[in-house]
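**Student:** The structure is given below, and queries will be raised subsequently.
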Amino acid sequence: MKTNIKQTITKFLGSEKGQDKVVPIFSVIISLVVGAIVIGIIGKNPIGPYHNLLQGSGILPKASYAGGKGMLTDFMSFLNALTPLIFAALAVGVAFKAGLFNIGVSSQMLFAGFIATIVVGYSDMSGFMAKPLVILIGIVCGAVIGGLIGYLKYRFNINEVVSCIMVNYIFQYVISFFINMFYVDPVSRQSKAIGQAASLTLKNVEFLGMKMEVPLGIILAVLATFGLKFILDKTKLGYEMKTVGASQKAAKYAGIKVGRTMVVAMLISGALAGLAGVTFYLGYNTSIQPRVLSSVGYDAIAVSLLGNANPIGSMISAFLIMIISKGSTYMSSTAGVPQEIASVITALILLFSACSAYIKYRLKRTKNEAEEKNGQVSKIQEQMKEEA
C-alpha cells in the first residue's frame, strides 16, 4: 500500500524536468489544504475566507462597494502593490541564477527611491520629463549598489550576504538622518510627499464613474519579466550566468570570466531592485518612512524561491502571494477570520516551497528504487525461464 502511494505521487509529479513547475504547484495546493484545516480548527468554513481573499484583491466582485469604487478599482490597487514585488523578485532571481544571494534588495530600493525623490519628486518638472527620469534614476542607482556588491565579491571575495547586510544598515540610517534633517514632514514624520508629476501611479483616474489608481510600472514589470526570461534562455550572457551559478569551476574550465559575470549579474539585479524602489516609493507610496526598510525586498526572496528563480514563475508567485496579502484585510472583516491566518498560509506555502529540493530528492530516490526493483524482478523472471 505504502509503495503504491509513493509510485502514484511520483507519477503525478512527472519527470525531473517537469518537476520544476509541478512541485511548486503541488506545494501551493498542500499549503492551501493545510491552511483550510487551520481555518476549520478555529470553527470557520474555509471556502468563505478563500473566496474573500479573491474579493479583497479585486479578482472577484464584492457584495457591495462604496461610492466611486468597484471591482476594477480594487484590482488596480492590487496591481499597484504587485508591481514593486515583481521587480524585487526578479532582482533576487537573477542573482540566484548566478549563484549569488542578493539580500540587499530593500536597501537598493530605498537608495533608488530616496535619490529619485529628492532629485525629481521635489522638482517642478513636468510629468512628461519627470516620470522617465524617475525610472532612469531607479535603474542607475540600483545598478551602482548591486554592481558594488558584485565587485566586492569578485575583487576581494567578500561574501555578498555580508556586504548586503552592511549596506542595508548603512542606507537605513544614513537616509533616515537626511530625511529627518532636511525632508521630514512634521505631521506624518515621514519624508515630504512627492509631486504628482513624478509619481509612477496616476491617482484618481476617472473611468466608468469610478476613481482608481493606474500603476504605470506594471507594464514595465511585465516587459522586464519576459526580457529577463529571454536573456537567461536565449543569450550568451544568460548561459554564462547559469553556468557560473551551477559550478564556478566548470565555468572557468569553459573559459567563462566568472568574476565579470558575477558583477554583471549583480548590476542587473541591482537595476531591477532600483525599479522596485521607485515603483514602491514614488508609485505605491508617495513618501519614505525613516529607519524602515521595506518588507518587499525580503518577501521577494520567498517569492523568487517559490518561482524557482524563473522570471515568469516569479511573476506568477508574486501574483499569488499578493492575493493573500492584499485580500487578508477584507477576509478578516468579512469572514471574521484573524488577519494573521493569511500570514500563516503564506508561511506554509514558503515552507513547502523551501522543501522542494528535498521533495525532488525523495522522488528521484523512489524512482531509482522502483527501477532497481523492476530490474531485479526481470532478472528473476529470466532465470526462471532459463531453468524451465
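**Student:** Hull surface divided by four, with the convex hull built on the Cα atoms of segment 108-174: how many nm²?
**Tutor:** Mean orientational projected area (segment 108-174, Cα hull): 4.6 nm².
**Student:** Across segment 65-167, what fraction of all alpha-carbon pairs, as a whole percent, falls in each successive 5 Å bin from zero upward?
**Tutor:** 2, 11, 17, 18, 15, 13, 11, 7, 3, 2, 1, 0
**Student:** Compute the helix-to-body angle for 127-156: its Cα long axis versus the longest principal axis of the chain, expressed 0 to 90° and rounded to tens.
**Tutor:** 50
**Student:** Can I ask one more? Compute the helix-to-body angle for 296-306: its Cα long axis versus the longest principal axis of the chain, expressed 0 to 90° and rounded to tens.
**Tutor:** 20
**Student:** Here's something else I'd like to know. Which of Ser314, Ser57, Ser295 moves most in a GNM of the chain, Cα contacts under 10 Å?
**Tutor:** Result for the chain, Cα springs under 10 Å: Ser295 fluctuates most.
**Student:** Let me know the charge dipole size of the chain about its Cα centre in debye, to the nearest 20, where only the beta-carbon of Lys, Arg (+1) and Asp, Glu (-1) is charged.
**Tutor:** Charge dipole of the chain: 620 debye, to the nearest 20.
**Student:** How do the peptides 282-289, 180-187 rank, highest first, by the average count of neighbouring beta carbon atoms within 10 Å per residue?
**Tutor:** With the highest mean Cβ count within 10 Å placed first, the list reads 282-289, 180-187.
**Student:** Accessible area of Glu206, 1.4 Å probe, to the nearest 10 Å²?
**Tutor:** Approximately 140 Å² for this residue.
**Student:** Which of Phe96, Phe26, Phe178 ends up with the largest GNM mean-square fluctuation for the chain, with Cα atoms connected below 10 Å?
**Tutor:** In this elastic network of the chain, the residue with the biggest mean-square fluctuation among Phe96, Phe26, Phe178 is Phe178.
**Student:** By what distance, in whole Å, do the Cα atoms of segment 222-340 stretch along each of the three principal axes, largest value first?
**Tutor:** 59, 30, 25
**Student:** Cα atoms only: what Rg and Dmax, in Å, come out for segment 172-244?
**Tutor:** According to the Cα coordinates of segment 172-244, Rg and Dmax are 20.0, 53 Å.
**Student:** Just to be sure I understand the curve: with the Debye formula and one point per C-alpha of the chain, what is log10 I(q)/I(0) at q = 0.07, 0.10, 0.11, 0.15 Å⁻¹?
**Tutor:** Results for the chain at q = 0.07, 0.10, 0.11, 0.15 Å⁻¹ read -0.39, -0.74, -0.87, -1.37.
**Student:** Can you give the three extents of the C-alpha atoms in segment 155-209 along their principal axes, from longest to shortest, in whole Å?
**Tutor:** The Cα atoms of segment 155-209 stretch 58, 31, 15 Å along the principal axes, largest first.
**Student:** What longest range of the chain stays clear of loop-exposed trypsin sites (Lys or Arg not before Pro) (DSSP non-H/G/I/E/B, at most 13 other C-beta within 10 angstrom)?
**Tutor:** In the chain, the maximal stretch lacking such sites is 18-188.
**Student:** At 7 Å along Cα-to-Cβ for each site, give me the label-to-label distance between Lys252 and Leu72 in nm.
**Tutor:** 5.9
**Student:** Still on this model: Among the listed pairs Lys203/Lys242; Lys131/Lys326; Lys131/Lys257; Lys21/Lys203; Lys131/Lys236; Lys21/Lys234, which are separated by more than 29 Å between their Cα atoms?
**Tutor:** Lys203/Lys242; Lys131/Lys257; Lys21/Lys203; Lys131/Lys236
The values are calculated or read from the model by the stated rules, or taken from the named source; none is laboratory data. Predicted, not measured: the structure shown is a model, and the values here were computed from it. As a convention, Cβ positions derive from the backbone with ideal geometry for all residues, glycine included, and neighbour counts pool all protein chains shown. We work out accessible area using only protein heavy atoms, side chains counted, and drop any ligands, DNA or RNA first. Shrake-Rupley method; radii C 1.70, N 1.55, O 1.52, S 1.80 Å.
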